[in-house]
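Any read-out appearing in this document is the output of simple, stated calculations on the displayed coordinates, not a laboratory observation. The structure displayed is predicted, hence computed values, not measured ones. Reconstructed Cβ throughout: ideal geometry from the backbone, glycine too, with neighbour counts over all protein chains shown.
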Amino acid sequence: MTILYQAISTAIVSYVCLTLGIMYTWPSSTLLLFSSENTTLNRPMTETEVSLFGSLSFISAMISTPCSGYLLDKLGRKYSCMLFSLLQVLSWVIVTVCYKVEAIIAAVVLSGLTGCMLLVVPIYISEFCQESIRGTMTSAAMVFYGIGMLVSYLMGGYLAYDTMNYSCLSMTVLGVVLLMLMKESPIHLMSKGLEKEAARVIAYYRGVKITSKIVEEEMQMLRRALNPEMDDLTPEVEKLQPSLENKPKMSVWKFIKKSRSTRQALMVSIVLYTSAVFQGLMVVQVYAEPLFAEAVPTMSPVICSVVSAAVTIVSGFIAAFLVEWAGRRSLMIYASIASGVCCLILGTQIHLHWGPHWMTALFIYLFVITYTCGAGTVPYVLVAEVFLPEIKSLASMIAVEWNFICSFVVLFIFNPLVTAIGLGPVFYIFMVACFLSAIFCFFFLPETKGLTVDVIQNLFAKKRTQEH
């Protein structure tokens, strides 16, 4: 029952990522409709509006992500999720009742504000799940995002425009209702001095009595993690020294400035998020139908997109298993190499047409599998577990903010880049990013599987010390 409670709670929180996946891939099924003369809007979208339609959500995500770090600490994990879920509801209300181009783009901007859920959800899950299943459970965010993509492609391909909008509105309302059933993160409760409430939450998720030794051990671990002290070496070592117990608490920025291990972890997180974007699968997801129409003209773009989303979901479950079985480091290295090989084959196939069109679809699906198992999962798991609780919100926010900046750049320039150099050579760029990611992870990414946050921080500190 212990793991069952954690799994059910993980599914409820991750449902927010499902509805996010629907909205983020919604342009794929409506882009051609909105830019055609038969558009359901008041006029066809221009080429610039089409580019903004596919990429503006990431700009608004850049705006909301810094706020999410603040809200995580002030409102807590549960109510932050509920707040951003309500923004999803509002955006679908606008889409449902308005038929002007400007209103649709405004709804995309509004829904993009919920993009920070890819930061908030893994953090929330990692704080109520035990270490033995933490990696698997935090990867659920990307699995549910993949399910949202599949639902979006299916509804976009087979439902009428208005029917899809009302369905999506109903699903987002359901997400808000489900979040009301959740319990707050024990770490947040502890940070607010609510130790009794935190103990009850821990007892609930571990399936034991509140007086259990397991609860007391976790409470002690949280107390240590929430009160780190620092010296010239690492805060993780000095925080345990009794002579420092009465030192005044450092500000978050001063903590990051003085903690070498935190800076190293932040640098690795930023690079991993960069690789996750520039390896290129995000482009395939957002522009799935038009991309498949060009790359595989003999097959239905809708069917190809649906299969791609289904493959993403299956790959997400495989990644959830591999991230605990193989570990974060090995999975990221080998998956990035495999993704690079797929991009090389795809680039030459699209560029030189050396094989039948079905081979293009086959290697796109292989690329989806390798990417999802590596760059599509590992960065999100890692950023939720490598930072101490006191600076987790800020450090994670910085890493995810950079991710959204890169996402906007890649999505905005994709169509002009394809026009300039062709679709095949674009995959050569993705290939280079894949191989560089593997090289970086080999030298700089320590294994964090099954480790507590203080041990992980010491790994980053040792890594930095070895360089000197």
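Percent relative contact order of segment 1-108, based on C-alpha pairs within less than 8 angstrom and at least six residues apart? Result for segment 1-108 is 29 percent.
Where in the chain are the helices, taken as whole DSSP H runs, whose Cα atoms extend 30 angstrom or more along the long axis and whose Kyte-Doolittle mean reaches at least 1.0?
In the chain, the long hydrophobic H runs are 2-35, 77-97, 301-325, 328-352, 389-421, 423-444.
Look at the dipole of segment 340-468 built from charges on Cβ: of Trp354, Pro446, Pro389, the Cα furthest out on the positive end belongs to Trp354. Stretching the chain fully between Thr46 and Ser170 yields a gain of 41.6 nm (0.36 nm per residue, less the alpha carbon separation).
Annotation: peptides 259-265, 121-127, 402-408, ranked by per-residue average of other Cβ atoms within 10 Å with the highest first, follow the order 121-127, 259-265, 402-408. Built from the Cα atoms of segment 27-148, the convex hull projects on average onto 8.1 nm², one quarter of its surface area. Specify which labelled value, from (i) 0.98; (ii) 1.07; (iii) 1.21, agrees with Rg/Rh (Cα atoms, Kirkwood Rh) derived from the coordinates of the model shown. Recomputing Rg/Rh (Cα atoms, Kirkwood Rh) here picks out (i).
The Cα center of segment 122-150 and the Cα center of segment 30-105 differ in position by 24 Å. Its Cα centre serving as origin, segment 333-468 has a Cβ charge dipole (Lys and Arg +1, Asp and Glu -1) of approximately 160 debye.
Spin-label model, Val93 to Glu217: label points 7 Å out along the Cα-to-beta-carbon direction sit 4.8 nm apart. The trypsin sites (Lys or Arg not before Pro) of segment 19-116 meeting both criteria, a DSSP state outside H, G, I, E and B (loop) and at most 12 other C-beta atoms within 10 angstrom of the site's C-beta, are Lys100.
The sum of -39500 (n - 2.57) across all DSSP H runs of n ≥ 4, divided by the residue count of the chain, sets its helix-only mean residue ellipticity at 222 nm to -26500 deg cm²/dmol. For the charge dipole of the chain, defined by +1 on Lys and Arg C-beta atoms and -1 on Asp and Glu C-beta atoms about the Cα centroid, which residue among Gly422, Leu32, Ser330 has the Cα displaced farthest towards the positive pole? About the Cα centre, the residue reaching furthest to the positive side is Ser330.
Amide H of Gly374: which non-local residues (sequence gap of 5 or more, or other chain) have their own amide H closer than 5 Å, using H built in the peptide plane? The answer is none. A simple spin-label model places pseudo-atoms 7 Å from Cα toward Cβ; at Val432 and Cys67 they are separated by 3.7 nm.
For the set Lys78/Lys100; Lys209/Lys449; Lys196/Lys258; Lys213/Lys257; Lys196/Lys392, the pairs lying more than 31 angstrom apart at their alpha carbons are Lys78/Lys100; Lys196/Lys258; Lys213/Lys257.
What ranking do 105-117, 410-422 get when scored by the average of other Cβ atoms within 10 Å per residue, highest first?
By packing density, highest mean first, the sequence is 105-117, 410-422.
For the pair segment 309-384 / segment 175-221, the C-alpha centres are spaced 36 Å from each other.
Residue separation of Ser251 and Leu226 scaled by 0.36 nm, minus their Cα-Cα distance, works out to 7.7 nm of gained length. Among 344-354, 373-383, the peptide with the highest mean count of other Cβ atoms within 10 Å heads the list, and the full ranking is 373-383, 344-354.
Sequence-distant contacts, meaning Cα pairs under 8 Å at least 6 residues apart, place the relative contact order of the chain at 23 percent. Measuring r between the beta carbons of Lys196 and Lys258 and using R0 = 35 Å, the FRET efficiency lands at 0.60.
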